[in-house]
Structures are given as C-alpha cells and as structure tokens.
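Report on the structure given below.
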Amino acid sequence: MRLLVVEDEHRMAAALQRGLTHAGFTVDVAADGVRGLELATSVRYDAIVLDIMLPGISGYEVTKRLRAKGVWTPILITSAKDGDYDQADGLDLGADDYLTKPYSFVVLLARLRALLRRGAAPRPSVLSAGALRLDPAARELTIDGAAVELTGKEFAMLEYLLRHQDRIVSKAELLQHVWSDPETAGNAVEVYAGYLRKKLGRDVIVTVRGAGYRLNPL
Amino acid sequence: MTQANWLVRRSLRLRVTLIASVVLTIGLAVGAAGLSVLFVRARVAAVDVVVQSVAQNVSELVAAGELPAPLPVPATGTALAQVIDAGGTVLAATAGASQVLPMLPLPRLASAHAGQRFTTSKSALGPAPLRVEVVPATYRGVPVTVVAAVPFADVHDTLLALRRVVILVVPLLVVAVASATWLAVGSALEPVDDLRAAADAVDMSATGVETRLPVPVGARELSQLGETLNRMLSRLHQSNERQREFIADAAHELRSPIASVRTQLEVALATPTDAAAWPVVARDVLTDVERLGRLADDLLLLARLDAGAASAMAAEPVDLAELAGQPEPAALVTGDAVALRRMLDNLVTNARRHAALVEVTVSTADGQVVVLVDDDGPGLSEAEMERVFERWVRLDEARSREEGGSGLGLPIARSIARAHGGDVTLATSPLGGLRAVVTLPAAAGSMPQTSATA
C-alpha cells in the first residue's frame, strides 16, 4: 500500500515516514501543498495523510482540487485546528476522515486501515446529473447554476434518486429511506414526485410502470 | 437599616409612587391649613367690623346718656351688646342679650383693655365662641363697660365642614395620584425591563451572530441607553471574537510542536531503534521543545503586555544605541532594558529572515529616539505593512512555520514600543527593502542629533 504524507514540519514528516514504513506501507512525503497536489495527481496512492496549514496551498485546497480532478484517493486530514467548522469544512470538501493533532500513532494506523478498506470509489461531495447539482452540505440545489428552493423531503428524495441515478428506485425503497414512518406515509412518494417535477421540469423524474422511479438527467 | 436605606432598596416604581404620594399629602395638608387660616382671618376681619360698629354705636349712646331698652343693633341681627356698671349690673342690653347677667365674668371684663377685640368661648351664653369688644365708657358720670359681641359659631362650623371635606378628599386624591403614578412609571419602565431581560440573555460565549438588545421606542433617554448598550455589546463582541481567534490560533501553534514530539516519540518506541539512532530522536525532539518554549515565552509576554503590564515594567534609563550595538553616542530612553532588547531583536530577526543586508540606525531628535531597521529584502506593499502587525500573520505562505517564525515577532515589538509610549511602523527602506521605524520618547537630558550604523 502506497501512502502520501503531506506535512510541512520536516521532523514530524520524517517520524511519520519512519513509523508508517515500519507498519508496512510505502511512503512518499511532500513538504508543501503544491508538491502534494503534483504527487497525488501523478501517482496512484492508496491513501493520503494531509495537513491543513501548509505553505503554498492549504490542505483544503489540495482536497478540493484532487476531487475536482476526479482523484478519489481516500484522504485523512490531520490538523492542529480543532474547531467544529474546520473539521466540517474538510470533510465537506471531500476528505474522508479528520484527525486532530496531536494524535496517537496507533489511532492514525487504525484510521488508515479503515480508509483503505473502503477503497477509492468515486465519492463526490456534490452530487450531479446533467444540469442538476445538489450539495448536501450546503443544502443547495442548482439547475444550470440557478438556485432552486426545495423543502426538506423534496431535497431528501432528490438526493436519494441522485445517489442511485444508475438504476430504477422503487417506491418502497424511497419510503424506506426518505420517510421516518413508511407505514403511514401513504402516497407521499407520488405527491413529492409531483412537487419535484413541478420545480425541476416534467421529464426529470420518469415513472417506470410497476417498478418505481428513475432520474432522467437533462 | 434606616428608613432611607429601605426606600433606596425598593424598586424605582415604588419609590416614585411613595414620594409622589407623600409630597401630595403634605401639599394638600399645608394647602388646607393655609386655606383655613386665610378663611378664619377673613371672617374675623368681617366680624370685627360689625363688633366695632356695634361697640361704637352703643358707646355713643352711653356718652349721650341715652340707654334705650333694648339697645338697637345693626341689621345683621346676630350682634349683641350690654352696658355693665362696675358692680356687674346690666344697665342696658340688646334684645338677644341677657338683661340681667353680664356676658363675660367681671374679672375678664376688668382685665380687658380698651378697644381690645378677642374671641372667647367662656361667655354666659354658653360654649359657642363669641367675638367680643370691650369699651370703657362713662354713663352720666358713672364708669361703665360697653360689651359688644357677635357669635362666631358659623366660622367654626365652616371650618369643621372644610376639615371634613379635606379628610374625605385628600385620601381619595392621594390614592388616585398614587395609582396613576404607579401605572405611568410602570409603563415607562417596561422597556427597561425588556432591556434587562435581553441583556441577561446575552451569551457572550456564543460564536457568530452578535446579539442586539431591543432599543426602546419613544423615551429618548431609554432609546439612547439602548443604543449605547448595543454599541458596548458590539465592542465586547468584537474584542471577544479577536480573543477567540487569538486563542484558536495559539492552540494551533502550540499543538503543532506537541504533535511533532508525540509522533516522533511514539514512532521511535514502536519501531526497533538501535542505540545510535536515539540521540537523533532526542535532538529532533529537543528542537521542537525549544520551539515550544519560545512560543510559550512569546504568548506569556503578549498576555502580560495585553494586561497592561506597562506599569509593571522597569523604568530605568536604557541606552538604545548600546542595545543596537553602537556604543557612542548614547540614545537614552526610560524603560525596561529586557523588553526593549527583545523589541530590537524581533525587528532585526524579522529583517534578517528576508534580506542579506540589515542596517540599524539610532538617532535622537526633538525629544524622540528613533531607531531605523533597514533591509535590502523584497519589502512589503502598503496593505501588507499594517497586516503584519496582526498576530499569527505570516505573509510568506511559501515558507514553513519552522523557518518563518511564530507570527508574533512584530506584534510583540509594537506592543513593547507602545507600552513605552512609542510605536513601531513600517516603511520602504532606501536600501530597497523594508524599513522598521521605532519611535520612543527620549529620556530627559539625553544628547541631541546622534547617528551611527551597526
């Protein structure tokens, strides 16, 4: 397993390299954001350990640019910033985990193993289909860049359809995942499909007779 | 606890109401008393006119030696008169008066001065008060006394009626005014209560949106108070935010070397390390610990400067020229040698970080010691020159923290200069780089116009 460590404190970076190598990883070290971005895009790493406060470009920016380029390598952010929003921002930008410095080396290893189990499948933090772009963190939906207001249930239903846009989603499945009490929700799915069609256009949600719903990207 | 104290500790509403009620009660009582005095005086004056004229008429009759029976009285009708001789015998009397008994006891008659008018309730006519005038006269050669009197009871009755009205009306009026005051003060103070409740609910520890108090509409004093409080809240909020940011940054700066130390030690323990490698680990850890120590010193110094430790600093004569490594001539200021050395060190270190050539010039002019720290580095833009004085700001993003300094050097230098009544500013140096200008008030008696290069 090949890891990239992006860390500007060279003693810290050296210790990490030593420790991770001893734990069986192959480790590359980048001392600033620009070098980290270069390496992460040119080499296929299995995971990246990324500091936030870096000379050049920040760890946030590195995460954002990697995800924008379609690099889905699992990213573990490590930072001495422990504010709620520091952590939330890092994760919402597309990082997979966040560890506050100083951390235990044992915990770092365990978290890296967990990340490696999940693999590098595409995990966009902003969902899109055609002209639709849905940001679950900001709770925003745009069509061709224009914001569209959605209620909570409309948003949740569209998010579920977007996450499974490659297949038909049954009514029962939508009830199960979007409504807290599927038994009493009745014909809620039909009703909300109607609402969404009104806001997004008639053809965006296709009813497949006897099977369920499918997203039809514009 | 005294009475006054008790009152002061009650609510403003109760105080105003009590004071209004007491003032009104006293005012009405004084008014009623004054009114009755004036009324009595006016009535006495009117009655006196009658008494005097009756006494005069009767005296004229006595002087003329004529005493009709009964004696004639003016049309007012209530007046009485008697003519009494020295033995107490009634010689003549008006129709309403006794023909036999003197109206007043003889000793009272004897003691009365000529022409004196007085009020008495000890007459032969009973307890009803009389207004009396006693005039000595001579009837056919015999000394007699003329007594004229007018019953005074109607004045008394009117006074009683007046008192009844006052006793009935004053409490009603006081209760009415007290209720009105209570309600008016209550409604006037309602916005104050709202303000108080809102101020109580202010949570300065909350981040983000700053709290505003409801500004009372209407009463100018209260709306001004609300606005003033809001401005104060806003200032508190800003300083709170700055403090919060500073602490968050400080936490970050302190955690980084700690994290480095921890990871180095954990990795060293977890990996088989030969004896020769341990000194390397120890040296690396020591470097981080030293960095941590410098940071702790900087933070403590800043905290002390922030807490206004200017007064706690030494106030001894310090030769800045000597501190700058330039022995002659002296440039004396009054202050703390350790702190001032630290200020110069920070400025010179900052300059060396970006430049090859650094020049320090110390001069004295117009009661000011000026230290210039010039370098031939890349310099800064106008906007950056102010920004570098903010804490934790490192303009050079491409540098790592280790070589880039803590981001506290310039803020500390400025804080020290300001604690000494001076300042640090930045400008462009003739050497092409940055010029840091320190101005400090010169100590009294130092030499003018000195200059040197270090």
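With Kirkwood's inverse mean 1/r over C-alpha pairs for Rh, give me the Rg to Rh ratio of the stretch B:53-106, two decimals please.
Working: Rg = 10.5 Å, Rh = 11.2 Å.
Using only Cα positions, Rg/Rh for the stretch B:53-106 is 0.93.
With 20 Å bins from zero, work out the P(r) of the protein assembly as shown over every alpha carbon pair and list the percent per bin.
Taking every Cα pair in the protein assembly as shown, the percentages come to 12, 22, 22, 14, 9, 11, 9, 1.
Over all directions, the average projected area of the alpha-carbon convex hull for the stretch A:79-142 comes to how many nm²?
On the way: hull surface 20.8 nm².
Over all viewing directions, the stretch A:79-142 projects a mean Cα-hull area of 5.2 nm².
When the Cα atoms of the stretch B:152-252 are enclosed in a convex hull and the volume is divided per residue, what value in Å³ results? It would help to have the intermediate numbers written out before the result.
Working: hull volume 12.3 nm³, N = 101.
Taking the convex hull of the Cα positions in the stretch B:152-252, it is 122 Å³ per residue.
Arrange A:28, B:345 by Cβ neighbour counts within 10 Å, fewest through most, would you? Present the calculation step by step, with values, prior to reporting the outcome.
Working: A:28 18, B:345 14.
The fewest-first ordering by Cβ neighbours comes to B:345, A:28.
Over the stretch A:113-218, with a single point scatterer placed on each C-alpha, what log10 of the ratio I(q)/I(0) does the Debye formula yield at q = 0.23 1/Å?
The Debye formula, applied to the Cα set alone, gives -1.32.
What number comes out for the charge environment of residue B:52, summing +1 per Lys or Arg and -1 per Asp or Glu over other residues with Cβ under 12 Å away?
Numbers: positive: B:117, B:131; negative: B:48, B:133.
Net local charge, residue B:52 excluded: 0.
Excluding residue B:438 itself, what net charge comes from residues whose Cβ is under 13 Å from its Cβ, given Lys and Arg +1 and Asp and Glu -1? Don't skip to the end; give the middle numbers.
On the way: positive: B:341, B:342, B:414, B:418, B:435; negative: B:345, B:374, B:423.
Charge balance near residue B:438 sits at +2.
Please give the average number of partner chain Cβ atoms lying within 10 Å of the Cβ of each residue in B:178-186, rounded to a whole number.
Values: counts 0, 0, 0, 0, 0, 0, 0, 0, 0.
Partner Cβ neighbours, averaged per residue: 0.
With r as the distance between the Cβ atoms of residue B:26 and residue B:164 and R0 = 30 Å, compute the FRET efficiency 1/(1 + (r/R0)^6) and round to 0.05.
Values: r = 20 Å, r/R0 = 0.67.
That gives a FRET efficiency of 0.90.
For B:274, A:32, A:89, B:85, what's the fewest-to-most ordering of other Cβ within 10 Å of each Cβ?
Placing the least packed residue first, the sequence is B:274, B:85, A:89, A:32.
What spacing in nm lies between the two simple spin-label points modelled at residue A:85 and residue A:22, each 7 Å away from Cα in the Cβ direction?
4.0
Partner chain Cβ atoms within 10 Å, averaged over the residues of A:12-22 - can you pull that number for me? Intermediate values should be presented prior to the final figure.
Numbers: counts 11, 2, 6, 13, 4, 1, 9, 8, 1, 2, 5.
Per-residue shielding by partner chains comes out at 6.
So how tilted is helix B:337-354 from the main axis of chain B? Cα-based, degrees 0 to 90, rounded to 10.
50
Give me the compactness ratio for the stretch A:18-71, meaning the Cα radius of gyration over 2.2 N^0.38 Å. Provide the component values of the computation, followed by the final result.
On the way: Rg = 11.4 Å, N = 54, 2.2 N^0.38 = 10.0 Å.
With N residues counted in the stretch A:18-71, Rg over 2.2 N^0.38 Å equals 1.13.
What value, in deg cm²/dmol to 500, does the helix sum -39500 (n - 2.57) over DSSP H runs of n ≥ 4 give at 222 nm once divided by the residues of chain B?
Details: 11 runs with 238 residues, N = 454.
Rounded to the nearest 500, it is -18000 deg cm²/dmol.
Can you flag which of A:69/A:199; A:81/A:101; A:64/A:199 are past 19 Å Cα-Cα? Before the final figure, lay out the partial values.
Details: A:69/A:199 31 Å; A:81/A:101 8 Å; A:64/A:199 30 Å.
Check vs 19 Å cut-off fails for A:69/A:199; A:64/A:199.
As an exercise, find the ratio Rg/Rh for chain A from alpha-carbon atoms, using the Kirkwood inverse-distance average for Rh. Each step should come with its number before you reach the end.
On the way: Rg = 20.8 Å, Rh = 19.4 Å.
Radius of gyration over Kirkwood radius for chain A works out to 1.07.
Work out the mean other chain Cβ neighbour count within 10 Å for the residues of B:253-259 and drop it here as an integer. Write out the running numbers ahead of the final one.
Details: counts 2, 2, 8, 10, 6, 3, 12.
Other-chain Cβ atoms within 10 Å of each residue's Cβ, averaged: 6.
Give me the angle, in degrees from 0 to 90, between the Cα long axis of helix B:153-201 and the longest principal axis of the Cα atoms of chain B, rounded to the nearest 10.
Roughly 10 degrees between the two axes.
Enumerate the whole-percent occupancy of each 5 Å bin, from 0 to the last occupied one, for all C-alpha pair distances of the stretch B:109-148.
Calculated P(r), rounded to whole percents: 6, 23, 27, 22, 13, 7, 2.
What per residue convex hull volume, in Å³, comes out for the stretch B:279-430 when only alpha-carbon positions are used? It would help to have the intermediate numbers written out before the result.
Details: hull volume 22.0 nm³, N = 152.
Looking at the stretch B:279-430, the number lands at 145 Å³ per residue.
Using a Gaussian network model of chain A whose springs link C-alpha atoms within less than 10 Å, name the residue from A:38, A:159, A:183 with the highest mean-square fluctuation.
Taking springs between Cα atoms under 10 Å, the residue moving most is A:183.
Which angle from 0 to 90°, rounded to the nearest 10, does the C-alpha axis of helix B:278-306 make with the longest principal axis of chain B?
Helix B:278-306 and the main axis of chain B meet at about 30 degrees.
What do the square roots of 5 times the Cα gyration tensor eigenvalues come to for the stretch B:213-283, in whole Å, largest first, as semi-axes of the equivalent ellipsoid? Numbers along the way, then the final one.
Values: eigenvalues 686, 15, 3 Å².
Listed largest to smallest, the semi-axes of the stretch B:213-283 are 59, 9, 4 Å.
So if we plug the beta-carbon distance of residue A:173 and residue A:1 into 1/(1 + (r/R0)^6) with R0 = 35 Å, what FRET efficiency do we get, rounded to 0.05? Don't skip to the end; give the middle numbers.
Values: r = 36 Å, r/R0 = 1.02.
The calculated FRET efficiency here is 0.50.
Please state, rounded to one decimal and in Å, the Kirkwood hydrodynamic radius that chain B gives when every pair of distinct Cα atoms enters the mean of 1/r.
Working: mean 1/r = 0.0302 Å⁻¹.
Kirkwood hydrodynamic radius for chain B: 33.1 Å.
Ordered by packing density, taken as the mean number of other Cβ atoms within 10 Å over each peptide's residues, highest first, how do A:41-53, A:165-177, B:135-147 rank? It would help to have the intermediate numbers written out before the result.
Working: A:41-53: 19.8, A:165-177: 15.0, B:135-147: 17.5.
Most protected by this proxy first, the peptides run A:41-53, B:135-147, A:165-177.
With all distinct Cα pairs included, what does the Kirkwood hydrodynamic radius of the stretch A:1-114 come out to in Å, to one decimal, could you say? Could you put the intermediate results ahead of the total?
Working: mean 1/r = 0.0730 Å⁻¹.
About 13.7 Å, per the Kirkwood formula over Cα pairs.
Order of A:91, A:16 from fewest to most other C-beta atoms within 10 Å? Don't skip to the end; give the middle numbers.
Working: A:91 17, A:16 24.
In order of increasing Cβ crowding within 10 Å: A:91, A:16.
Any read-out appearing in this document is the output of simple, stated calculations on the displayed coordinates, not a laboratory observation. All values reported here derive from a predicted model rather than from experimental measurement. Cβ coordinates were reconstructed from backbone atoms using ideal geometry, including for glycine residues, and neighbour counts include every protein chain displayed.
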